Amino acid sequence: MSKPVIILGNGGHAAVLTEVLLMLDRDILGFTAPEYQGNHYSIPYLGTDECIDQYSPNEVELVLGIGTVHINQIREKIYKQFKEKSYSFASVIHPSSILSSTVQLGEGVQILAGSIIQSKAQISENCIINTGSIIEHSCEVHAHVHIAPGCKLSGGVTLGEGCHIGTGATIIQNITVGQYSLVGAGAVVIKNIGSYKKVIGVPAKEV
């Protein structure tokens, strides 16, 4: 039986995850945020993240409801902070997503509506595969990556840890994007990208 969950965050990404969790009939204890600014679907406000310490790691799972729009390691920082305290993160997979039976998923992954993940793809811990994205066969997506809505990764693409792939970007087959690199919205990536880089445009060029 699934444990009840606590959602960290209360912005737009948290609202999307809340809706999916309700669709999946998960028991949501409440959400945390730096301050109360309203809630989604009448989910109770529990307080700041510090209040999670009141709950045993054996009794609850966490859902990281903070999205990103650029390279931002706050998701990674919060994830590691609570993993060090022995908490587990629930994966959230929208019922309309399509996943091959050979896909490998890490802890706390979030796969949103209409996403497609094909044969032998690997999605590591704390990744977001946002609405309508396509991850083709044999891709490797390392930890803490956010693939924004409408992205397309052809077969054999490797994304290093902490990358952000902007809305509608396309990456052709067998390309590697280094860790903590940013691919701008709508970019078309046709050659490898090193770590800590930013690329934009068609074809994508470093800026």
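Quick notes on this structure:
- For the chain, the longest principal axis of the Cα atoms and the long axis of helix 12-23 meet at an angle of about 70 degrees.
- Backbone amide hydrogens, once placed in the peptide plane, bring Ile190 within less than 5 Å of Ala204, excluding anything fewer than 5 places away on its chain.
- Furthest towards positive pole of dipole, Ser86, Thr48, Leu21, structure part segment 2-86, Cβ charges: Ser86
- ³J(HN,Hα), Karplus 6.51/-1.76/1.60, whole Hz, each residue of segment 186-195, x for Gly, Pro: x, 5, 10, 9, 10, 8, 4, 10, x, 7
- Accessible surface, segment 108-207, averaged per residue in Å² (probe 1.4 Å): 38
- Mean separation of Cα contacts under 8 Å, 6 or more apart, over the residue count of segment 27-135: relative contact order %: 17
- Here the contact order of the chain, divided by its residue count and restricted to Cα pairs under 8 Å and six or more residues apart, works out to 11 percent.
- Sulfur and carbon atoms: percent of accessible area, segment 20-68 [1.4 Å]: 47
- Summarising the strand pairing of the chain, around 5 percent of its internal DSSP beta bridges are antiparallel.
- To the nearest ten degrees, helix 74-83 and the longest principal axis of the Cα atoms of the chain are 50 degrees apart.
- For segment 185-207 versus segment 8-63, the inter-centroid distance based on Cα atoms is 35 Å.
- Pairs from the list Lys152/Lys197; Lys3/Lys120; Lys80/Lys198 with a Cα-Cα gap above 22 Å: Lys3/Lys120; Lys80/Lys198.
- ³J(HN,Hα), Karplus 6.51/-1.76/1.60, whole Hz, each residue of segment 129-134, x for Gly, Pro: 10, 7, 3, x, 7, 10
- Around the Cα centre of segment 82-207, unit charges on the Cβ atoms of Lys, Arg, Asp and Glu (plus for the first two, minus for the last two) sum to a dipole of about 260 debye.
- The three principal axes of the Cα atoms in segment 142-207 give end-to-end lengths of 26, 24, 21 Å, sorted in falling order.
- Close amide-amide hydrogen proximity is noted between Gly47 and Ala33, each under 5 Å apart and 5 or more residues distant or on a separate chain (H modeled in the peptide plane; Pro and chain starts excluded).
- Taking amide H positions as modeled 1.01 Å from N, with prolines and chain starts lacking one, the residues under 5 Å from Gly106 and 5 or more places away or on another chain are Ile123, Ser124, Glu125.
The values are calculated or read from the model by the stated rules, or taken from the named source; none is laboratory data. As the structure is a prediction and not an experimental result, all values here were calculated from the model. Note that we place each Cβ from the backbone using ideal geometry, even for glycine, and neighbour counts take in every protein chain shown. All accessible areas refer to the heavy atoms of the entire protein, side chains included, with ligands and DNA or RNA removed. Shrake-Rupley method; radii C 1.70, N 1.55, O 1.52, S 1.80 Å.
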